[in-house]
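Derivation of every value follows stated rules applied to the coordinates shown; laboratory data play no part. What you see is a predicted model, and the numbers here were worked out from it, not measured in a lab. Here Cβ is always computed from backbone atoms with ideal geometry, including for glycine, and neighbour counts include all displayed protein chains.
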Amino acid sequence: MTAYLNALGLVCALGRGQDEVSRNLFAGDCSGMRDEAGWIVDRTLPVAAVQGELAAIPAHLAEQGSRNNQLLLDAALQIREEVDQAINTYGRDRIGVVLGTSTSGIAEASRGLAHYIREDVFPTDYNYQQQELGAPANFLADWLQTSGPAYVISTACTSSARALMSAQRLLNMGLCDAVLCGGVDSLCKLTLNGFSALEAVSGQRCNPFSVNRNGINIGEAAVLFLMTRAASSSSSIALLGSGASSDAHHISAPEPTGRGALQAMRKALGRASLQPEQIAYLNLHGTATQHNDSMESLAVTTLFPSGVPCSSTKPLTGHTLGAAGALEAAFCWLSLSANNQQHALPPHVWDGQPDPALPQLKWVTAANRLSSIAPRYLMSNSFAFGGNNVSLIIGDAP
C-alpha cells in the first residue's frame, strides 16, 4: 500500500523549515559545519550544530525537557496545522508516533550524573525519563495528546529510516490512519567521544569517497513526516518502497563487499516494483570513512552498472546518526517538491580527488537537474553498526 508523505518539518545545520533547508541544500552550502572546542578533550572539531534558540518546552511538560525534545518540537511546530487536521479527521487514538534516535536525552543525563559525582546529589531539573530511548515519542504524543501507538526505534544510523518503514506497517495493518514519523538526534559528548575512540572522527570537513577521506563529522537534526494512506491536496510524494537487511558482519565495521547494502537496495526496488535504471537519484550513506565508502561504492556499482546520479550530503549536515535516515529521505522529498522549481539535486561536495581503489560513481554537480516529468523515483541509503542496512525509495505517487 502506498504511504503518502503529506507534510515535512525539519531542522538541521542547513536551517529550519523547507524553504531555508532547500535553498542551502541545493547550493551545497557547508557553512553550517563549524569548528568547535569542548566536545573532546584537547581537540577542536567541525560539528554541524543547529544554531540559535530552539522552541521552548511547554511548562506542563518541563520534566521532559531536553535539547533532543526541543529539536523535535521545532520540527513539529512547522507542520502543526497539518497534524491538527489529521487529529480532527481521524481522532487522537488513530494517530501514531514512530521515531528514531540514538541519543535521546543523554546529554542532560550526563550532566546530571557529573553533578551527582561532584555534589552527591542530582540537580533539581534531572529526570531519568529524559534519557530513556522512548522519550522523544512519549514527548510528542504527550504534547499532541494523541493515544495511538508511540515508540522509538534505535538501530544506530538506520533508526529513523526504519521508523518510516514501521510507520508504513502501522498504516498497512490498519492500526493507525496517520503516523508522525522521522527521527531526532542532538549533539552530545558521549557520541563524539565514542566515535573518537573508534578513530572515526575527522578533524576537517568530511570528504566522502575521496582518496583523502579520513572520517566523519557529527551533526544534529530533527525530521518529521506526516504519513497517511491518502495524498493531501498539496502533495503526492510517497514512500514507494523500502528494504532492510542485517548482515551482522561486525559490531562497527561494514561488510566489505557491500553484500548487505546491496540486498537492502534490491529489496526496496522489488517492493516498489522498479528497475535500477528507473532511479533518478541516489542519496548515499557516504560517511567518508574508509570502509563505508569502499563497500558502498562496490554495492552501488553492482546494482547500477551504467551509473546513477548520486551524492553524499553529510559534508552539509554532518552525520546526524539516528536522524540521518529520515533527514536524507527528506532531501529526496525536497528534490521532488513543487517548490523545487529549478529541479535541483543535492550536489556532491568533496575535494574532487577520487580514490583509485574504488569504483567511480556518477557525482551530482550543480549542473544536474531532475526531470520535471513524473513519475520520478529517488533512493536513500542508510547503513548502521552491526550490519544493519536500510534503503528507501521516495517518489511521485501513482
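The amide H of Ile153, built 1.01 Å from its N in the peptide plane, has Leu99, Gly100, Thr101 as neighbours under 5 Å, considering only residues 5 or more places off or on other chains. Neighbours of Ile106 by Cβ distance under 11 Å: Lys/Arg scored +1, Asp/Glu scored -1, total 0. Largest GNM mean-square fluctuation across Tyr116, Tyr151, Tyr90, computed for the chain with C-alpha springs under 10 Å, falls on Tyr116. Along each principal axis, taking the top coordinate minus the bottom one, the Cα set of region 216-274 gives 45, 33, 14 Å in descending order. Multiplying each eigenvalue of the alpha-carbon gyration tensor of region 3-396 by 5 and taking the square root yields semi-axes of 30, 27, 18 Å, largest first, rounded to whole angstroms.
With K and R counted +1 and D and E -1, the other residues having a Cβ less than 15 Å from that of Asn292 yield a net charge of -4.
Backbone amide hydrogens, once placed in the peptide plane, bring Tyr281 within less than 5 Å of Met379, excluding anything fewer than 5 places away on its chain. As an equivalent ellipsoid, region 118-219 spans semi-axes of 31, 24, 9 angstrom, where each value is the square root of five times an eigenvalue of the C-alpha gyration tensor, largest first. Based on Cα contacts under 8 Å between residues 6+ apart, region 261-325 shows a relative contact order of 39 percent. Across the options Gly258, Val97, Ala55, the greatest Cα extent toward the positive end of the charge dipole of the chain (unit charges at beta carbon of Lys, Arg, Asp, Glu) belongs to Gly258. Here's how it looks for Leu187: its modeled amide H is under 5 Å from none belonging to a residue 5 or more places away or on a different chain. Debye-formula intensities of region 349-398, expressed as log10 I(q)/I(0) at q = 0.16, 0.20, 0.23, 0.29 Å⁻¹, are -0.79, -1.02, -1.07, -1.09 (one equal scatterer per alpha-carbon, no solvent). Excluding Asn127 itself, what net charge comes from residues whose Cβ is under 9 Å from its Cβ, given Lys and Arg +1 and Asp and Glu -1? With Lys, Arg at +1 and Asp, Glu at -1, the net is -3. Whole-Hz Karplus values for region 307-318 come out as x, 8, x, 8, 7, 9, 9, 5, x, 8, 10, x Hz, taken residue by residue from phi with 6.51 cos²θ - 1.76 cosθ + 1.60 and θ = phi - 60°; glycine and proline positions read x.
Measuring nothing but how far apart in sequence close Cα pairs (under 8 Å, 6+ apart) lie, relative to its length, region 3-396 scores a relative contact order of 23 percent. Taking every DSSP bridge with both residues inside region 3-396, close to 65 percent are antiparallel. Loop sites by DSSP among the GluC sites (Glu not before Pro) of the chain, restricted to those with at most 11 other Cβ atoms within 10 angstrom, leave 200-398 as the longest stretch without any of them.
Global dimensions of region 1-139 from alpha-carbon coordinates: Rg and Dmax equal 17.8, 55 Å. Around the Cα centre of region 3-396, unit charges on the Cβ atoms of Lys, Arg, Asp and Glu (plus for the first two, minus for the last two) sum to a dipole of about 920 debye. Only aspartates and glutamates eight or more places from Lys362 in sequence, or on another chain, were considered; those with a Cα closer than 16 Å are Glu277, Asp293, Glu296, Asp351.
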